[in-house]
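Coordinate-derived values only; no laboratory data. Because the structure is a prediction, the values reported are computed rather than measured. Cβ placement follows ideal geometry from the backbone for every residue including glycine, while neighbour counts extend to all protein chains displayed.
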Amino acid sequence: MIVCVAVVGHQNNPLYLQSFTEADDALKLHHIVHCSLDVIDERVNNPKRSAPTLNETFLGLLYPTENYKVYGYLTNTKVKFIMVTTDLDVKDADARNFFRKFHAAYVDAVSNPFHVPGKKIASRSFGVRVSTIVKSFGSGTTG
Amino acid sequence: MPPLTPPKSGDALFASVDRVNAELFTLTYGAIVRQLLTDLEEVEEVNKQLDQMGYNIGTRLVDEFLAKSNVSRCVDFKETADVIAKLGFKMFLGVTATVTNWDAEGTSCSFVLEDNPLVDFVELPDTCQGLQYCNVLSGVIRGALEMVSMKTEVTWVRDMLRGDDAYEMRVKLIKQVPEEYPYKDDD
């Protein structure tokens, strides 16, 4: 079950932050998202392998904490998507699928002529779409 | 008399004209509206400018439409409206409109668009609630009809960006201006 998703801009400025659990944990989740940004920077600056990885958008499991797993996804414009989940076994394909749909929703939200790049995403329909994608995460294992 | 070519159907018309990528079109229109808002700052002014732009486009568009579609002269306003909805919108926007809500005299009708390529991805921010985003379309219709001697008034009734379920514009024929010749016959 996904507890939090975040979109962070290329200057590490938050563009969208949404938690899906009761408010008590919200601060802790935001803290986890922050820490994962460091992990992403590390991964991006020190690629373990050569050229093929440089184009990789899905970063995979960033780091597991006590109860959560954090997954990352980097777009070619250095916008980062972070997903925090409490699921113990997350299939790689599910995570990739999630980020693919999330990326599509993000692109549609950013194509709004009234959206200012670099400012927070204020689109209500983006929020609705993200909730739908989050709800269908994990349950659609065949899709 | 040489044989007249029959008027083309909407799909054939659409296939025969040059087309542009829909997203490019949508993003360009969005950029125009944004720039107008930044330059003019007043939502009403932007609405007027969009209408004026549409009017200028419409006056030129109607010639291209008549040349490419080969339609014959329309008998009455009802036929005009049908032609605009089925062929006009299809040729230039790739979508068809439906004509509804005719009034008793047959001078006023509504065009309903379920699908509108101008507004993909758009969400109106709270500061621009009075903005009629598709106002260019009403200008186009007004301009085009004026070039074929019909003075009309076009207003927006429903707008999906404001929460309605479709786009509806009301076109009212004010008068048909007969063609005036620049010289008198008896001179």
Most fluctuating residue given options B:D11, B:D115, B:D103, as computed from a GNM of chain B linking Cα atoms under 10 Å: B:D103
Alpha carbon centroid spacing (whole Å) that separates segment A:66-143 from segment B:27-57: 33 Å
May I ask which of A:K135/B:K90; A:K135/B:K86; B:K48/B:K86; A:K120/B:K90; B:K48/B:K175 have a Cα-Cα span longer than 32 Å here? A:K135/B:K90; A:K135/B:K86; A:K120/B:K90
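For the protein assembly as shown, report the translational diffusion coefficient in µm²/s to the nearest whole number, using Stokes-Einstein at 4 °C, 1.567 mPa s, and a Kirkwood Rh over Cα pairs.
Working: Rh = 23.6 Å.
Estimated via Stokes-Einstein, D reaches 55 µm²/s.
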Reported to two decimal places, what Rg/Rh ratio describes segment B:43-176 when computed on Cα atoms with Rh from the Kirkwood expression? 0.95
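Across peptide B:33-42, how many C-beta atoms of other chains are within 10 Å of each residue C-beta, on average? List each step's numbers first, then the result.
On the way: counts 2, 5, 1, 0, 2, 0, 0, 0, 0, 0.
What the average comes to for B:33-42 is 1.
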Could you order the peptides B:147-154, B:165-172 from most to least packed, using the average number of other C-beta atoms within 10 Å per residue? B:165-172, B:147-154
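So for each of B:118-130, A:92-104 I average, over its residues, the number of other beta carbons within 10 Å; can you give me the resulting order with the highest mean first?
A:92-104, B:118-130
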The answer for chain B, counting only DSSP H helices whose Cα atoms cover 18 angstrom or more along the axis and whose Kyte-Doolittle average is 0.5 or greater, is B:22-40, B:135-147
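Using a 10 Å cut-off around each Cβ of peptide A:102-115, what is the average number of partner chain Cβ atoms that fall inside?
On the way: counts 0, 0, 0, 0, 0, 1, 3, 2, 1, 7, 8, 16, 13, 6.
Counting Cβ atoms of other protein chains within 10 Å of each residue's Cβ and averaging gives 4.
For segment B:1-99, what D do you get in µm² per second when you plug the Kirkwood radius from alpha-carbon pairs into Stokes-Einstein at 25 °C and 0.890 mPa s? Each step should come with its number before you reach the end.
Working: Rh = 15.6 Å.
After rounding, the answer is 158 µm²/s.
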Considering every residue in B:121-132, what mean count of other chain Cβ atoms within 10 Å of its Cβ is obtained? 3
